[in-house]
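The values are calculated or read from the model by the stated rules, or taken from the named source; none is laboratory data. Quantities reported herein were computed from a predicted structural model and do not represent experimental measurements. So basically every Cβ, Gly included, is an ideal-geometry build from the backbone, and we count neighbours across all protein chains shown.
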Amino acid sequence: MAKKWDDSISDEHLHPESLMMGYGYKPEWSEGALKSPIFQTSTFVFETAEEGKAFFEVATGQRPERPGEKMGLIYSRLNNPDLEIVEDRLTLWDGAESATVFKSGMAAIATTLLTYLRPGDVLLHSCPLYGGTDHLVNDILPEFGIKSVGFLAEHTREDITASLLNVDGPLKMILIETPANPTNALIDIAMCAEIAGAASTEDDPVPLVVDNTFLGPIFQRPLDHGADLVIYSATKYLGGHSDLIAGACLGSERLIGPIRAMRTYLGTHVGPWTGWLLMRSLETLQLRMMRQAENAARVAEFLAGHSKVANIHYLGFIRAEDDQHDIFKRQCLGPGAMISFEVAGGEPGAFRFLNALKLIHLAVSLGSTESLAEHPGTMTHSGLSEAAKRSYGITAGLVRISVGVEHPDDLILDIRQALDGV
Ligand SMILES: *Cc1c(COP(=O)(O)O)cnc(C)c1O
């Protein structure tokens, strides 16, 4: 694929972590500033009226870009240099052709779904979904005549095909989250790509959309396994410092183009300041996620030897004889840094543990430099029915930890003293 920017030296491709500091930006645009400034502007000046006319012709789809024509900036709801740079940089991690960034992960998901789903269409999705996504798919979209069918990690292709026969309407999109939150259950991306492929035609593709927030592009690259679109809550690992809300969607230009157009009309774009913060964050994405994963391995090992801890859900503990081992080997590049486990004593035990933590913060969200702990049953997943919680393994004693970049000995010290009080 033709790259807009140089990403190699002597024909050798450079790694994304080497390109995050400069790719997509030229210091001569801004008085030689090494770092891109924040282009805090709502609108852009045209050199001539003819130029303004040409930009609008392309932006509104009246004609395609002419060879060599440089599409200019018009207005920051359409685009902005800080967003263009961060979008170019994001494509490198997932090997995507195109990317578009949003005000939040939910804005990315909602805009993508509204681009490709219409009344009467069917959306197939994995369960459990992130709470906000679940509400959108199962409570809001049905009011617009969009139906959904859910499946669990243990369901086979045959089970899923059979359940699709029970719903009236054409399958138009598959949306999966793998690993699932909070239990780390894995969904087979390649199997879902086969289901999407079987329902697709050349003119009418059924996109497989993967919410890759949990492992991030460092530990899972869904496009390599047949996914068509990858979505992130950039609030989590991509942003990584608990100081911004943003989202992203990546894939081929053919599929991203209409999503970007929908972003313009829904107004779900992100502002230049957040785009700039994301650029800052992407410089350390690999460094942070590697350290977080190393720390998580140490924490999980400690938890496994503790008498007050049971049922640890951690991808690093999948063994060769487990059902999920084959999927893990095929599609994950590492176990990531999300761990959930049961504390003895049910909800009171879990609450005593959470209340006693001193270094690890009691907060929802994940993927940040600081470690965060929460209680899925009464917090992130409190909206689920008791039956749904049971089927997903969300028990009263379950806590979830997003492991940060602190010294691992200090994390273990904190967890040990908090468990002592249970
Ligand atoms: C947080 C999260 C979202 C929503 O992202 P926001 O940035 O909070 O809108 C979507 N999917 C997953 C898996 C998440 O963890």
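When D88 is tested against (1) touching a strand residue (DSSP E or B) at 6+ places or on another chain (Cβ under 8 Å); (2) within 15 Å of the ligand (Cβ to nearest atom), only condition (2) is not met. The set of residues in region 200-229 being touching a Lys or Arg at 6+ places or on another chain (Cβ under 8 Å) and either farther than 17 Å from Q331 by Cβ or part of a strand (DSSP E or B) (or both) consists of V206 alone.
Within the set D224, D322, D326, D243, the sole residue that is closer than 19 Å to L92 by Cβ and among the acidic types (D, E) turns out to be D224.
If you go through region 27-35 one residue at a time, do you hit one that is closer than 18 Å to G72 by Cα, buried (at least 16 other Cβ atoms within 10 Å of the Cβ) and touching a residue at least 24 places away in the same chain (Cβ under 8 Å)? There is no residue in region 27-35 that is closer than 18 Å to G72 by Cα, buried (at least 16 other Cβ atoms within 10 Å of the Cβ) and touching a residue at least 24 places away in the same chain (Cβ under 8 Å). Is region 3-19 home to any residue that is free of Cβ contacts under 8 Å to residues at least 24 places away in the same chain, basic (K, R), surrounded by 10 or more Cβ atoms within 10 Å (Cβ to Cβ) and part of a helix (DSSP H, G or I)? No, region 3-19 has no match at all.
Across region 71-84, what is the number of residues that are surrounded by fewer than 22 Cβ atoms within 10 Å (Cβ to Cβ) and either hydrophobic (A, V, I, L, M, F, W, C) or within 16 Å of the ligand (Cβ to nearest atom) (or both)? Residues that pass the stated criteria total 4. When each of A248, A180 is tested for being part of a loop (DSSP other than H, G, I, E, B), surrounded by 21 or more Cβ atoms within 10 Å (Cβ to Cβ) and within 16 Å of the ligand (Cβ to nearest atom), the lone residue that passes is A180.
Against the conditions (1) part of a helix (DSSP H, G or I); (2) modelled with pLDDT of 95 or more; (3) within 15 Å of the ligand (Cβ to nearest atom); (4) under 15 Å from the mean Cα position of the chain (by Cα), L136 satisfies every one except (4).
In this structure, V209 qualifies as within 19 Å of F151 (Cα to Cα) and either within 12 Å of the ligand (Cβ to nearest atom) or surrounded by fewer than 21 Cβ atoms within 10 Å (Cβ to Cβ) (or both).
Only residues that are over 21 Å from W93 (Cβ atoms), part of a helix (DSSP H, G or I) and within 16 Å of the ligand (Cβ to nearest atom) were counted across region 251-272, and they come to 1.
Among the residues examined, A107 qualifies as within 16 Å of the ligand (Cβ to nearest atom), farther than 14 Å from V209 by Cα, touching a strand residue (DSSP E or B) at 6+ places or on another chain (Cβ under 6 Å) and hydrophobic (A, V, I, L, M, F, W, C). Restricting N311, N295 to those that are of a type in the set (S, T, N, Q), touching a strand residue (DSSP E or B) at 6+ places or on another chain (Cβ under 8 Å) and not assigned by TED's automatic domain parsing to the domain that holds I85 reduces the list to N311. Selection of helices (runs of 4 or more DSSP H) fully inside region 31-122 by the criterion of at least 3 residues being assigned by TED's automatic domain parsing to the domain that holds F144 and at pLDDT 95 or above returns 81-94, 105-116. Screening the candidates G131, G95, G120 for the property of being at positive phi and either within 16 Å of the ligand (Cβ to nearest atom) or touching a residue at least 60 places away in the same chain (Cβ under 8 Å) (or both) yields one hit, G95.
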